[in-house]
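Structure first, commentary second.
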Amino acid sequence: MAQGLIEVERKFVPGPDMEERLQELGGTLERRVTFRDTYYDTSELSLMRSDHWLRQRQGSGWELKCPGVAGISGPHNEYVELTSESAIVAELFELLEAEEPEIAGVAAVLGPLKLQEVASFITTRSSWKLALSEAHEQEPLLRVDLDSTDFGYAVGEVEVMVREKAEVPAALEKIFSFSRMLGVPAQEKAPAKLLVYLQRFRPLDYQRLLEANSSSEATGDLTS
Ligand SMILES: Cc1ncc(C[n+]2csc(CCOP(=O)(O)OP(=O)(O)OP(=O)(O)O)c2C)c(N)n1
Ligand SMILES: [Mg+2]
């Protein structure tokens, strides 16, 4: 697969005092932003069913999240994020087993690959930066995003971006220790905004995803 940064993150349910708590813990508010995410897939959800997530984010462009490689299980997610259009196009053609065109941007291959919009919603986000130890300035930064959507769902995430698979365990350690400081219950798993959107507004698609996700079949709910 093409190279990209690895996103290691843990989602949580943000309480009403979360911003104050972040400030107490030395967090700095980097920005407040509002953006629309539009997700694309085939009518059979071929991408999502194989744990690949293609979206266009207003102000940032195209992004494909591909399943990570560290294989550590727990209440966290680990995805390789592709943001270069050529890398995304190459990955899409490989996944969907189609012949790759010479040169094309993502928008140009949506039609040929039968990718269509499956979800679109607006997020208002406050992004926080945490410098846990000043002694290690080279270490990847811990970030916290507090998101609320235009369909009434709010979720937080503690995140570290790393370059190498070998850095994932240390990133996870940081995420879990900071989550404890934030007061996030050890096994709490908050669902992704997109999954809540599909469950509410595209229940048949949600059901399809559920069927594809064998590990969630036992609980019968991807959002729990
Ligand atoms: C139970 C379960 N939960 C999550 C997933 C993964 N997943 C579901 S939707 C989805 C795509 C959306 O990812 P997410 O991190 O929720 O989006 P967002 O926070 O807006 O993007 P950021 O700004 O951090 O880049 C993923 C990776 C899964 N396969 N199964
Ligand atoms: Mg995220």
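Bear in mind that the values in this text are calculations on the coordinates, not laboratory data. Computed from a predicted model, the values in this text were never measured in an experiment. Here Cβ is always computed from backbone atoms with ideal geometry, including for glycine, and neighbour counts include all displayed protein chains.
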Log10 I(q)/I(0) at q = 0.17 Å⁻¹ for the stretch 88-168, from Debye over equal alpha-carbon scatterers, is -0.92
Sum of -39500 (n - 2.57) over DSSP H runs of 4+, divided by residues of the chain (222 nm, nearest 500):
-7500 deg cm²/dmol
Once both labels are modelled 7 Å past Cα along the beta-carbon direction, what's the SER86-SER73 spacing in nm?
3.9
0 to 90° range, to nearest 10: angle between helix 85-95 axis and the chain longest Cα axis
60
Run the Debye formula on the Cα coordinates of the stretch 5-213, all scatterers equal and no solvent, and tell me log10 I(q)/I(0) at q = 0.13 1/Å.
-0.78
Calculate how steeply helix 203-212 sits against the longest principal axis of the alpha-carbon atoms of the chain, using the helix alpha-carbon long axis, and give the answer as 0 to 90 degrees to the nearest 10.
90
If packing is taken as the average number of other Cβ atoms within 10 Å across a peptide's residues, how do 73-86, 98-111 rank, most packed first?
73-86, 98-111
